[in-house]
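Notes to accompany the following structure.
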Amino acid sequence: MKKGYIILLIALCSVNVFAQTKDEKVKTLKIAFITEKLDLSKSEAQKFWPIYNAYEEENDALRDEMRAQRKDINLNDLSESEANNLLNNMVQSNEKRLQLYNQYVKDLKKIIPAKKIIILKKSEDDFRKKLFEEYKKRHKDDKK
């Protein structure tokens, strides 16, 4: 009977993996990568992931906002005044991101040691690099 439940569980997980979008798959892989690198205790993990996820959401929202500001701009028709306004908005957005990051680090320091925060940053950078290398590899293969 237990074997049946295990097979059913594996089948359901497999279906879930195939149903995920590319963004969800990347996010799942990133979480697994970070989890492995940080080696969080159960207590640390319970406190860490809500802070991490909230930071990621807010940071993504700020990045999307910044991208939207620049998206519909025709550089040839941009007046000096409009350029100044856009530049001021970009500076303000960067200041918001910096404040968000500083608060994030403060919050993390309350639950995990500074060394693990450094490992987290390195792990995120390593994951991004690995993702980019995989992207280049796949597109190189596509061009052949």
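The values are calculated or read from the model by the stated rules, or taken from the named source; none is laboratory data. This is a predicted model, so every value here is computed, not measured. When we count neighbours, we look across all protein chains shown, and the Cβ atoms used for this are built from the backbone with ideal geometry, even at glycine.
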remark   = For Ser79, the lone unmet condition from (1) without any contact (Cβ under 8 Å) to a residue 40 or more places away in the chain; (2) touching a helix residue (DSSP H, G or I) at 6+ places or on another chain (Cβ under 9 Å) is (2)
ask   = Considering the range 45-64 alone, what residues qualify as being modelled with pLDDT under 95 and closer than 17 Å to Ile119 by Cα?
value = Ala45
